[in-house]
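Heads up, the thing below is written out as structure tokens.
The values are calculated or read from the model by the stated rules, or taken from the named source; none is laboratory data. Fair warning: this is a prediction, and the values are worked out from it, not measured in the lab. Virtual Cβ from ideal backbone geometry, glycine too; neighbours counted across all protein chains shown.
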Amino acid sequence: MLELVAVRHRYDGRVVLDIERFAVSPGSGIAIVGPNGSGKSTLLRLLALLERPSEGEVRLDGIVVAGAGPRRRITLVEQRPVLLRGTVRDNLEFGLQVRGIGRTEVNRRVEGVAARLGITPLLHRRRHELSDGEVQRVAVARALAVEPDVLLLDEPASSADRAAAQTLYRALAEERARRPFAVCLASHQLEDAYRWADDVRALAEGRLSPVTPENLFRVDLPVSGSGGDLKHVCVGTIEIAATTDKTGPAILAVPPTDIFVSREPLASSARNVFRGRVTRLTHQRPGTVHVTADVGVELVAVVTEEAARDLGLTPGGPVVFSFKASAVRVF
């Protein structure tokens, strides 16, 4: 097991990560989601032993670790990976060669992982002949080839088109079925995170969020003009009413289960009522439907399958999202 325990990490005196415990169990598939600047990349770099936490410990199998020794069991693919000079094949072979693996086994692993990630036609190309998406896939293949115990991926499909992203996630699933190992991936694509991960965790302002990862917005809370706790905060092209005494930078979170979904505005005390269009319907858990809608900003609500049928919800169709100011969580 790979763990961060009582970790606080600072850059230039500013706390960017504050986590009591974050554990990656053997064989687990974890997705970390959250807004830009929430600390996802920093968390992965600490897990990869590329940085030491300002406070706290990184533990591997219960032992405090640091440095290059245990690092061979952990591999990080960063969002903008750097390839070595030479061909794609050279890149895939390098980590195997430095581990002293024989030529026959090197060839078997390289050809196998290249086929699973759909990069066999790229094996003889060099870096300047690859697109950014191809570079990402090559970097993931290079990491998989050395068969780490823990694979850390920072937005591995951010430069890929939809087909290439699906190839990547399918390859990860095949690798995990073939050889148990842990994967911890940072992504801004919630649908992908829910589809492949066993465990989805949300980060906000360097802390693990107490709510589900949908509908997280970085905002600047104003001072209330009336002196009360009700505030109207600009999020995209809409204003969200929230009840809070906080001011300044914050994260707003609207739990999807607290959003009422209808075709027309409901008679209720909800201060947040937004008309929009359904953009996506996904069945991520049995009996429920995640309804994504553009209401001036993208919001996600959860309804039962029966409610979705009764409302006649379809992509492109009209929808109204309503929620109370007290349902908006601020942290």
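Quick look at the numbers
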| quantity | calculated |
| --- | --- |
| Number of positions in the range 299-324 that are part of a helix (DSSP H, G or I) and in contact with a His (Cβ under 9 Å, 6 or more places away or on another chain) | 1 |
| Candidates Glu93, Glu111, Glu105, filtered to the one that is modelled with pLDDT of 95 or more, over 28 Å from the mean Cα position of the chain (by Cα), in the same structural domain as Pro148 (by TED's automatic domain parsing) and crowded, with 18+ Cβ neighbours inside 10 Å | Glu93 |
| Residues satisfying the stated conditions in the range 28-42, i.e. in contact with an Asp or Glu (Cβ under 7 Å, 6 or more places away or on another chain) and either surrounded by fewer than 18 Cβ atoms within 10 Å (Cβ to Cβ) or of a type in the set (S, T, N, Q) (or both) | Ser28, Ser38, Ser41 |
| Matching option when the condition is of a type in the set (S, T, N, Q) and within 21 Å of Ala165 (Cβ to Cβ), among Gln97, Gln79 | Gln79 |
| Residues satisfying the stated conditions in the range 104-119, i.e. more than 18 Å from Arg178 (Cβ to Cβ) and outside any helix (DSSP H, G or I) | none |
| Unmet requirement for Val320, which otherwise passes all of (1) out of contact with any helix residue (DSSP H, G or I) (no Cβ under 7 Å at 6 or more places or on another chain); (2) under 25 Å from Ala197 (Cβ atoms); (3) hydrophobic (A, V, I, L, M, F, W, C) | (2) |
| Residues (out of contact with any Ser or Thr (no Cβ under 9 Å at 6 or more places or on another chain) and either surrounded by fewer than 20 Cβ atoms within 10 Å (Cβ to Cβ) or modelled with pLDDT under 75 (or both)) located in the range 197-216 | Leu208, Pro210, Val211, Pro213 |
| Condition check for Gly312: surrounded by fewer than 16 Cβ atoms within 10 Å (Cβ to Cβ), more than 28 Å from Val233 (Cβ to Cβ) and in the same structural domain as Lys246 (by TED's automatic domain parsing) | yes |
| The range 265-275, subset surrounded by fewer than 18 Cβ atoms within 10 Å (Cβ to Cβ) and at pLDDT 95 or above, residue farthest from Leu203 (Cα to Cα) | Arg275 |
| Selection status of Asp245, at pLDDT 85 or above and in a loop (DSSP other than H, G, I, E, B) | yes |
| Test result for Leu168, touching an Asp or Glu at 6+ places or on another chain (Cβ under 8 Å) and within 15 Å of Gly29 (Cβ to Cβ) | no |
